[in-house]
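What follows is a set of notes on a single structure, which appears directly below.
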Amino acid sequence: AHLAALVLARGGSKGIPLKNIKLLAGVPLVGWVLRAASDAGVFHSIWVSTDHDEIEKVAKQFGAQVHRRSPEVSQDSSTSLEAIKEFLNHHHEVDIVGNIQATSPCLHPSDLIKVADLIQKEGFDSVFSVVRRHQFRWSEVKKGENKMTEPQNLNPAKRYRRQDWPGELYENGSFYFAKRHLIEKGYLQGGKMAYYEMRAEHSVDIDIDIDWPIAEQRVLSFGYFGKEPLKEVKLLVCSIDGCLTNGRIYVTEDQKEMVSYDYRDIVGIDLLKNRKIEVRLISERDCSKTLSAMQLGCVAKVSATNKLQVLEDWQKDIGLSWKEVAYLGNEESDVECLKKAGMSGVPADACAVAQKAAGYICKSNGGCGAVREFAEHIFLLLEKVNSARKQ
């Protein structure tokens with residue numbers, strides 16, 4: 001049976017404009033679930049249903065196929081079921097739809113693998129995600145009603161301790177898997193049903209109960225970052241032009257070149273060094289005089305015709321694995337380095353192919369704080385590495 005992952009991502013959002021591709025911890029929001037779906041390895045196809053060109057572009061960057069939904073199912077009043085039914089009408093090869101919510105960035109491939117087994121091997125017609133909560137419920141008393149509230153799931157005279165109460169299961173909206181025949185009848189849940197209980201720390205729904213800064217911290221602590229475990233970064237290689245500087249070269253009347261940089265980036269380099277992370281610089285042009293004037297005290301390679309070769313030589317000389325190397329680049333010449341490095345980033349104004357290859361897209365432009373921002377991102381991920389070690 002053809003199992004398709006389907007992420008619904010409209011361009012319209014009443015709360016946050018283009019929320020589905022807004023950067024969350026350096027990754028477009030929809031990218032988190034697309035990466036989890038891809039690495040799960042259980043889907044015959046992965047789709048994003050959207051009505052927006054920019055969302056289509058990001059979806060394709062993460063390897064998803066795109067279904068352009070019609071205006072009829074792209075309204076504020078349109079339901080998920082309507083959009084899924086339209087998708088099935090155009091894709092007759094699909095037998096089972098795994099509808100994954102874009103706003104659940106802490107989803108892990110292991111969850112999707114287990115759900116696929118429930119559908120494909122154990123014969124369930126529909127499976128949906130839930131989370132266990134320990135919350136006492138009381139009946140609502142509307143204003144003006146002359147009555148008292150009543151307990152719904154507890155005895156006030158004998159309140160449970162958390163450890164003595166199993167709690168209750170609530171839908172968390174992360175995903176709904178269903179077979180075609182159910183969806184065509186108008187159901188996402190039905191037939192032989194099963195729930196899949198997600199871990200509470202993975203149950204993050206930005207739509208409902210979390211704001212962006214808190215979500216970023218949750219993702220950095222509990223999100224899925226790829227198949228390989230994170231390692232402590234020991235080397236950052238930074239492209240000079242367009243990352244450390246803004247890429248502009250000013251020429252004086254006496255033909256002397258000048259560039260500008262942001263002092264915050266110099267502070268970022270110092271912070272990295274203080275954390276025992278070596279920083280090295282690379283450039284395709286001969287900018288030795290500029291580096292000498294900046295007095296950064298970093299090993300640098302200028303006039304580099306093959307950046308990847310330089311990066312490989314440094315990695316071998318220091319004796320590091322690729323997972324211990326971070327790279328900040330911004331041009332096509334940086335793409336292979338971005339793909340090789342265990343942690344990769346680009347400034348906000350990097351070229352499209354570099355953005356596609358990077359794991360983190362800065363909010364800052366090159367020469368305007370991008371190095372400092374990427375350094376902060378490295379520090380946050382190092383906290384995640386140290387936390388995993390303690391666990």
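The values are calculated or read from the model by the stated rules, or taken from the named source; none is laboratory data. Everything numeric here is computed off the predicted structure, so don't read it as measured data. Reconstructed Cβ throughout: ideal geometry from the backbone, glycine too, with neighbour counts over all protein chains shown. The protein model used for the area step is the full one, side chains on, heavy atoms only, and it has no ligands, DNA or RNA in it. Shrake-Rupley method; radii C 1.70, N 1.55, O 1.52, S 1.80 Å.
The table for this structure:
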| quantity | calculated |
| --- | --- |
| Condition broken by residue 133, with the remaining ones in (1) among the charged types (D, E, K, R); (2) more than 30 Å from the chain's Cα centre (by Cα); (3) under 21 Å from residue 171 (Cβ atoms) satisfied | (2) |
| Those strands (runs of 3 or more DSSP E) lying entirely in segment 165-243 with at least 2 residues under 30 Å from residue 339 (Cα atoms), of a type in the set (A, V, I, L, M, F, W, C) and in contact (Cβ under 8 Å) with a residue 40 or more places away in the chain | 235-239 |
| Restricting segment 33-45 to residues that are open to solvent by 50 Å² or more (accessible area, probe 1.4 Å) and not polar (S, T, N, Q), the residue that is farthest from the chain's Cα centre (by Cα) | 44 |
| Index of the failed condition, residue 350 passing every other in (1) closer than 23 Å to residue 35 by Cβ; (2) in contact (Cβ under 8 Å) with a residue 60 or more places away in the chain; (3) open to solvent by 60 Å² or more (accessible area, probe 1.4 Å) | (3) |
| Every residue from segment 11-32 that is over 19 Å from residue 355 (Cβ atoms), open to solvent by less than 40 Å² (accessible area, probe 1.4 Å) and of a type in the set (A, V, I, L, M, F, W, C) | none |
| In segment 55-79, the residues that are within 23 Å of residue 127 (Cα to Cα) and open to solvent by 20 Å² or more (accessible area, probe 1.4 Å) | 78, 79 |
| Of all residues in segment 321-334 being open to solvent by 20 Å² or more (accessible area, probe 1.4 Å) and of a type outside the set (S, T, N, Q), the one that is nearest to residue 239 (Cα to Cα) | 331 |
| One residue from 190, 167, 242 being in the same structural domain as residue 128 (by the TED database), more than 25 Å from residue 33 (Cβ to Cβ), open to solvent by less than 90 Å² (accessible area, probe 1.4 Å) and modelled with pLDDT of 85 or more | 167 |
| Those helices (runs of 4 or more DSSP H) lying entirely in segment 323-391 with at least 2 residues within 23 Å of residue 296 (Cβ to Cβ) and among the β-branched types (Val, Ile, Thr) | 370-390 |
| Segment 80-125, residues that are of a type in the set (S, T, N, Q), part of a loop (DSSP other than H, G, I, E, B) and open to solvent by 10 Å² or more (accessible area, probe 1.4 Å) | 101 |
| Helices (runs of 4 or more DSSP H) enclosed by segment 260-322 - at least 3 residues per element that are within 32 Å of the chain's Cα centre (by Cα) and not assigned by the TED database to the domain that holds residue 365 | none |
| Residue within segment 294-305 that is in contact (Cβ under 8 Å) with a residue 24 or more places away in the chain, more than 20 Å from residue 234 (Cβ to Cβ) and out of contact with any Cys (no Cβ under 7 Å at 6 or more places or on another chain) present | yes |
| Filtered residues of segment 353-377 (kept if hydrophobic (A, V, I, L, M, F, W, C) and without any contact (Cβ under 8 Å) to a residue 40 or more places away in the chain) | 353, 354, 357, 358 |
